[in-house]
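Encoded as structure tokens, the structure appears first; notes follow it.
The values are calculated or read from the model by the stated rules, or taken from the named source; none is laboratory data. As the structure is a prediction and not an experimental result, all values here were calculated from the model. Note that we place each Cβ from the backbone using ideal geometry, even for glycine, and neighbour counts take in every protein chain shown.
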Amino acid sequence: MAEDYPLTSTHWGVYRAQTENGKLVKLHNFEEDVDPSPIGNGIVGTLDAPSRITAPMVRRSWLQNGPGSATDLRGNDAFVEVTWDEVNRLIADELRRVKRNYGQNAIYAGSYGWASAGRFHHAQSQMKRFLNCIGGFTSSKNTYSFAAAEVVVPHILGNYRDHMNRTTSWRSIVAEGELVVAFGGIPLKNGQIESGGTGRHVQREGLQAARNAGVKFVNISPLRSDMEPNLEARWWAARPTSDVAIMLGLAHTVYTEGLHDEVFLERYCSGFERFLPYLLGEVDGIAKDAEWASSLSEIVANDIRELAREMVAKRTVVSVSWSLTRGDHGEQPYWMAITLAAMLGQIGLEGGGVAFGFSAENSIGGDTRLTPGAGFPMGQNSVSEFIPVARITDLLENPRGYCQYDGKKLQFPDIKIVWWSGGNPYHHHQDLNRLARAWQKPDTIIVNDWCWNATAKRADIVLPVTTSVEREDLQMSLRDPYIVAMKKVVEPPKNVRGDHQIFAGIAVEMGVNEAFTEGRSEEEWLRWLWDKTRQDPDASGLDLPDWNTLQKMGWHKTPDQEKPTVMMRDFRNDPEQCALNTPSGKVEIYSDVVASFGYDDCPGHAVWRTPYEWLGDVGRYPLHMISNQPRNKLHSQLDQGSVSAFGKLKGREPVILNPRDAKLRGIARGDVIKVFNVRGSALGVAVLSEDVRPDVIVMSTGAWWDPDEDGMCRHGNPNALTRDVGTSQLGQGPTAHSCLVQVERFCGELPRVEAFDPPKIIWKDS
């Protein structure tokens with residue numbers, strides 16, 4: 001029986017692992033999961049594929065001539081196999097050189113990315129602990145997922161992540177909700193994942209339960225597929241990045257028709273009277289009415305007015321997807337959504353208010369008690385310098401340069417070492433050709449990974465790591481009720497090590513092994529993490545078993561929450577005792593703090609700012625490209641696996657076009673097409689669908705970057721085309737969704753996809 005197989009965990013679910021003759025042959029769905037994701041089985045067949053890194057490697061030019069040698073050959077140079085003792089010495093010597101000559105801040109360890117569902121073998125935590133043991137490193141803040149919201153929402157609500165973690169649940173919406181107005185939709189495909197792992201997928205049943213209870217949905221997105229067909233949602237095929245204009249048009253109707261909740265605005269909010277002149281056009285002579293919103297969004301003005309009245313009349317959730325933050329001025333959709341929800345007066349009511357990221361992760365919209373799982377302690381970083389996470393290219397291009405961020409003027413350090421452990425910037429960063437040029441600046445690039453993705457191929461030193469099925473670990477996700485004792489189900493290749501073992505070996509060379517390991521074995525660290533979790537006061541009532549019992553059982557489910565989750569319910573019930581962590585203690589519709597920064601691209605209240613690239617101002621490039629999340633992988637993870645491969649066409653990523661746009665360009669279904677703009681180009685295969693509005697194409701992220709000699713991605717990574725400029729001076733988040741392109745049939749000899757080929761390797765025994 002499948003229940004007899006050992007458990008492993010991934011970001012896209014818990015599975016039972018079947019092996020034969022020491023090989024992983026299948027991942028069976030966890031018996032508790034009602035809607036399992038197929039993505040996990042993508043790992044089968046990859047563990048011994050040519051893309052697997054099986055020994056420590058050093059780039060030939062760097063090994064022969066030292067740090068900084070032939071950096072223009074990164075991505076094209078051969079690698080030389082070395083022993084662990086050799087690579088540990090090389091890294092230790094390079095760390096000492098850089099520390100001595102340039103200081104600790106010359107080491108950048110951004111290492112952004114979802115590396116592992118396990119709490120112990122979490123690559124970034126292991127790396128940051130090690131670097132803190134030797135004096136620290138330049139770090140990064142925020143995420144590529146929702147950086148703009150992470151920065152702006154605390155100014156409005158006093159916190160972002162806590163509110164996101166306690167988003168009003170589907171159970172609450174089923175009980176009292178009537179209408180969900182979803183800006184950016186609620187794409188179910190994204191809800192397959194959870195950052196720390198998940199035992200049971202709940203998004204599909206939550207959405208369906210709401211629909212069965214009579215809740216109506218409005219999908220405001222250029223993609224009909226951003227909401228499941230069975231929800232029978234009204235589809236508003238708005239221009240991409242016009243969401244704020246629509247929200248302002250709704251707000252204008254609500255106010256001018258006297259439908260706003262004056263009591264809520266007075267008691268729970270601050271600064272509405274300072275936002276109102278802008279809304280009414282008293283500041284700039286432009287009333288933000290439904291006609292104005294229609295001219296920008298291409299949504300019928302009367303439909304906007306009717307929806308505004310409906311939102312007032314019904315218990316309504318204003319839902320904003322994470323994707324809305326990833327466009328020019330990505331701070332504004334969240335600020336305006338909060339403002340609109342405040343005008344409706346339903347924040348803190350069951351089944352109403354505002355929601356951040358339904359289905360962006362599986363748990364958002366769930367009713368789980370938060371589980372305080374202990375993490376591997378990273379220690380104290382003595383280096384104060386940091387960058388907003390999406391400014392990595394700026395950092396490398398412009399040492400000693402500056403950028404604005406959340407009221408601060410940050411100076412970029414002069415980076416000599418880049419260390420990436422558990423991430424792939426050549427997947428998620430924008431304008432990859434520009435990144436590749438900046439990537440040549442540091443003296444040394446170190447990458448920990450298990451496969452030859454684009455980042456590993458562009459390293460100087462590559463350290464091969466185990467996968468989650470090749471080690472013991474613990475799944476404990478803050479928002480998921482399932483705790484899993486992850487088992488080692490197969491042996492790794494003989495020269496591959498786990499994250500902890502890798503850094504422990506370098507720590508010996510650096511003389512900090514005791515500080516790094518504290519004398520604990522890996523099993524002792526796992527026991528320590530579990531004991532810390534059980535001792536946490538917030539764990540009371542979770543009925544957590546002891547270590548031996550957990551190992552025997554394999555998994556434990558924490559108790560369900562009794563009352564449905566309602567975001568900001570306590571604040572609504574008692575705004576004095578449960579005041580928000582803002583200067584006023586209230587919802588700051590106008591923020592004096594943000595206004596004091598003097599940013600013209602992010603003033604003191606929500607505004608419409610014209611995106612740098614959008615369909616309202618087209619020129620040479622008349623199509624708006626949406627680079628959304630894929631349905632068959634998490635970001636770029638397991639792109640080399642079978643599940644991802646099944647979704648490709650002719651070995652390349654699909655590009656979805658409206659049939660009208662395809663016909664205008666002589667493109668037929670199945671044609672290989674070239675997507676291009678001034679920044680770069682990528683090949684893909686045409687798929688025609690009426691579920692994409694005209695003038696929009698969809699090229700999902702996740703394809704391993706595979707540039708030819710001219711920088712054209714042969715495989716279909718959309719970030720070959722996206723613009724690498726921050727959302728605003730406030731948040732400095734990524735702006736991948738503000739991108740115009742052109743599309744044409746590809747003519748000529750079709751180049752072979754080389755994304756999954758390993759680099760040239762000089763083996764020790766060759």
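Which of the residues belonging to the range 551-575 are under 31 Å from the mean Cα position of the chain (by Cα) and either aliphatic (A, V, I, L, M) or part of a helix (DSSP H, G or I) (or both)?
Selection gives 566, 567, 568, 569, 570, 571, 572.
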Could you tell me whether any residue of the range 426-442 is more than 23 Å from residue 712 (Cβ to Cβ) and out of contact with any helix residue (DSSP H, G or I) (no Cβ under 7 Å at 6 or more places or on another chain)?
-> no
Could you identify the single residue in 115, 147 that is touching a helix residue (DSSP H, G or I) at 6+ places or on another chain (Cβ under 8 Å) and modelled with pLDDT of 95 or more?
-> 147
Which ones in the range 427-468 are closer than 26 Å to residue 490 by Cβ and among the basic types (Lys, Arg)?
-> 457
Any idea how many residues of the range 468-501 are more than 22 Å from residue 196 (Cα to Cα) and under 29 Å from the mean Cα position of the chain (by Cα)?
-> 2
Would you check which residues across the range 82-98 are charged (D, E, K, R) and surrounded by fewer than 19 Cβ atoms within 10 Å (Cβ to Cβ) and list them?
-> 85, 86, 89, 93, 96, 97
Subset of the range 31-44, residues over 20 Å from residue 631 (Cα atoms) and not charged (D, E, K, R), comes to none
Please state which one of 55, 78, 49, 70 is without any contact (Cβ under 8 Å) to a residue 40 or more places away in the chain and among the hydrophobic types (A, V, I, L, M, F, W, C).
-> 70
Of all residues in the range 605-638, how many are out of contact with any strand residue (DSSP E or B) (no Cβ under 6 Å at 6 or more places or on another chain) and acidic (Asp, Glu)?
-> 1
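For the structure I just gave you, tell me whether residue 531 is in a helix (DSSP H, G or I), touching a Pro at 6+ places or on another chain (Cβ under 8 Å) and either surrounded by fewer than 17 Cβ atoms within 10 Å (Cβ to Cβ) or outside the structural domain of residue 88 (by TED's automatic domain parsing) (or both).
So residue 531 fails the test.
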Looking for whichever is surrounded by fewer than 21 Cβ atoms within 10 Å (Cβ to Cβ), small (Gly, Ala, Ser) and at pLDDT 95 or above here; the options are 285, 271, 345. Which one fits?
-> 285
Specify which of the listed residues (107, 173) is crowded, with 24+ Cβ neighbours inside 10 Å, more than 19 Å from the chain's Cα centre (by Cα), of a type in the set (A, V, I, L, M, F, W, C) and within 25 Å of residue 455 (Cα to Cα).
-> 107
If we take the range 191-309, then helices (runs of 4 or more DSSP H) inside it with 3 or more residues that are among the aliphatic types (A, V, I, L, M) are 203-212, 243-256, 272-280, 290-297
Using the structure shown, decide if residue 156 is in contact (Cβ under 8 Å) with a residue 12 or more places away in the chain, touching a Gly at 6+ places or on another chain (Cβ under 6 Å) and not in a loop (DSSP other than H, G, I, E, B).
-> no
May I ask you to say which residue of 327, 353 is within 24 Å of residue 263 (Cβ to Cβ), within 25 Å of the chain's Cα centre (by Cα), small (Gly, Ala, Ser) and outside the structural domain of residue 11 (by TED's automatic domain parsing)?
-> 353
Limited to the range 485-522, what total is found for residues that are in contact with a helix residue (DSSP H, G or I) (Cβ under 8 Å, 6 or more places away or on another chain), touching a residue at least 12 places away in the same chain (Cβ under 8 Å) and part of a loop (DSSP other than H, G, I, E, B)?
-> 9
May I ask you to list the residues in the range 147-163 that are among the aliphatic types (A, V, I, L, M) and within 19 Å of residue 563 (Cβ to Cβ)?
-> none
What is the one condition in (1) of a type outside the set (Asp, Glu); (2) surrounded by 24 or more Cβ atoms within 10 Å (Cβ to Cβ); (3) modelled with pLDDT under 95 that residue 374 does not satisfy?
-> (2)
Which ones in the range 497-523 are more than 18 Å from residue 90 (Cβ to Cβ) and of a type in the set (Lys, Arg)?
-> 520
Assess whether residue 418 counts as being part of a loop (DSSP other than H, G, I, E, B) and assigned by TED's automatic domain parsing to the domain that holds residue 100.
-> no
Does residue 339 count as surrounded by 23 or more Cβ atoms within 10 Å (Cβ to Cβ) and at pLDDT 95 or above?
-> yes
State whether the residues of the range 108-121 include one that is part of a helix (DSSP H, G or I) and either touching a residue at least 12 places away in the same chain (Cβ under 8 Å) or on the phi > 0 side of the Ramachandran plot (or both).
-> no
Could you list, in sequence order, all residues of the range 1-16 that are touching a helix residue (DSSP H, G or I) at 6+ places or on another chain (Cβ under 6 Å) and either closer than 12 Å to residue 117 by Cα or in contact (Cβ under 8 Å) with a residue 24 or more places away in the chain (or both)?
-> 8, 10, 12, 13, 15
Residues of the range 314-324 being more than 26 Å from residue 261 (Cβ to Cβ) and either among the small types (Gly, Ala, Ser) or in a loop (DSSP other than H, G, I, E, B) (or both), which ones?
-> 323
Could you tell me which numbered condition residue 764 fails, if it satisfies all but one of (1) in a loop (DSSP other than H, G, I, E, B); (2) within 26 Å of the chain's Cα centre (by Cα)?
-> (2)
Are there any pairs with C-beta distances below 8 angstrom linking a residue in the range 22-40 that is in contact (Cβ under 8 Å) with a residue 24 or more places away in the chain and closer than 18 Å to residue 639 by Cβ to a residue that is in a strand (DSSP E or B) and among the β-branched types (Val, Ile, Thr), with the two at least 6 apart or on different chains, and if so which?
-> 39/10; 40/10
Is the range 186-209 home to any residue that is free of Cβ contacts under 8 Å to residues at least 60 places away in the same chain and either farther than 29 Å from residue 485 by Cα or buried (at least 21 other Cβ atoms within 10 Å of the Cβ) (or both)?
-> yes
